[in-house]
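Input: a single structure, listed below in structure tokens.
Read-outs throughout are calculated quantities, based only on the coordinates presented, and are distinct from any laboratory measurement. Computed from a predicted structure; not experimentally measured. So basically every Cβ, Gly included, is an ideal-geometry build from the backbone, and we count neighbours across all protein chains shown.
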Amino acid sequence: MMLKSFTLLFSALTIASVLGAQTLDFSKIKDFEKQLDDVMEMTDTTEIKTKLKDVELKNEHDPSELSKVRLGLIYHEIAWDHSFFAKSPYKGYAKESYGALSELFKSPKTTPELMPFVAAFRASALSLVGAETKKLKIVDQAFTLFDDAVKKYAAVSYLPEYLRGSAAENLPWIFHRKKNLAKNDFQNIIEKQEKQADYANWKIMSFTYWAWAKQHQGKKDREKALAYLDKAIRLDPNYKAGRKKAEALKIKLKK
């Protein structure tokens, strides 16, 4: 009887989660994505520093909801790329990102269609805090946030799975169970993209195809991995996403 009750409860929670995602306006999410694209997955380390100053200045003059989200995201990007160097002046930016996004996450006034961005990057920022401070408990807490974001928003946004997969594949070996999440996350994004062409943009898919190939380098998956690397390269003619890494991995696999 207890098992049946638990099953019914779990089913209800799952349905509620899916319905919650369905109530979001996908077109509005894509509109926000376009407005936030320049502060997500940035590959030019010099450009990130310039963008940081620009976003901070604009937020000072116009502390709108979107400006605050952009601030949280650029803090995340600067932390991802610069905070792990020994003498980096950007240490602490992961915590700043987590704080800024937590304020939005907890506010009942935050626009619902911004929540996939806020929730996913908030979890990723906390994982960076854990990595920077070398506190494993914080990393575990971050993945709890990731799991919640995936349940709530993965149906309408690639970000929860993409950022969880990106964080998982960079974990040390002691987190092998979490590292396995990366394979599932990137595979799920590819499958959703095949069903809905505008699910993720070209930049994310270029990185995703490369990440999938990186995780499937064995002989069994070699042909598919090479095909995905070719897709990653084609999607990124100007080297703004995963092309450089995809080309390097392609050479390695062919050897």
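When only C-alpha pairs under 8 Å and at least 6 residues apart count, what is the relative contact order of the stretch 201-255, in percent?
40 percent
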- Taking +1 at the Cβ of each Lys and Arg and -1 at the Cβ of each Asp and Glu, which of Phe117, Ala197, Thr208 sits farthest along the dipole of the chain towards its positive end, judged by Cα position relative to the Cα centre? Thr208
- Task: Given the peptides 182-190, 162-170, arrange them by the average over their residues of other C-beta atoms within 10 Å, most packed first.
- Result: 162-170, 182-190
- Item | Point-to-point label distance, Ser67-Ala197, nm (Cα→Cβ direction, 7 Å offset) | 3.8 nm
- Note on the structure: Computed about the Cα centre, the charge dipole of the chain from +1 Lys/Arg and -1 Asp/Glu charges at the Cβ has a magnitude in debye, to the nearest 20, of 1200 debye
- Which one of Ala149, Leu36, Ala248 has its Cα pushed farthest toward the positive end of the charge dipole of the chain, where Lys and Arg give +1 and Asp and Glu give -1 at the Cβ? Ala248
- Give, rounded to the nearest 20 debye, the magnitude of the charge dipole that the stretch 201-255 has about its Cα centre when Lys and Arg contribute +1 at Cβ and Asp and Glu contribute -1 at Cβ. 180 debye
- Task: Would you compute, from DSSP H runs of 4+ residues alone, the mean residue ellipticity of the chain at 222 nm, taking -39500 (n - 2.57) per run and dividing by the full residue count, rounded to the nearest 500?
- Result: -24500 deg cm²/dmol
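When a/c is below 1.5 the answer is rounded, else prolate if a/b is larger than b/c, else oblate, so apply that to the chain with a ≥ b ≥ c taken from the square roots of the Cα gyration tensor eigenvalues.
The shape class here is rounded.
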- Query: Which of the lysines could a cross-linker span from Lys109 if the Cα-Cα distance has to be under 25 Å and same-chain partners fewer than 8 positions apart are dropped?
  - Reply: Lys28, Lys30, Lys34, Lys58, Lys68, Lys95, Lys151, Lys152
- Query: What relative contact order, as a whole-number percentage, does the chain give when Cα pairs under 8 Å and 6 or more residues apart are counted?
  - Reply: 13 percent
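Suppose R0 equals 25 Å. What FRET efficiency, 1/(1 + (r/R0)^6) with r the Cβ-Cβ distance, do Asp44 and Asn170 give to the nearest 0.05?
Here the calculated transfer efficiency is 0.80.
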- For the chain, set up a Gaussian network in which alpha carbons nearer than 10 Å are linked by springs, and say which option among Phe26, Phe105, Phe146 fluctuates the most. Phe26
- If the chain between Ser27 and Glu60 were fully extended at 0.36 nm per residue, the gain over the current Cα-Cα distance would be 9.0 nm
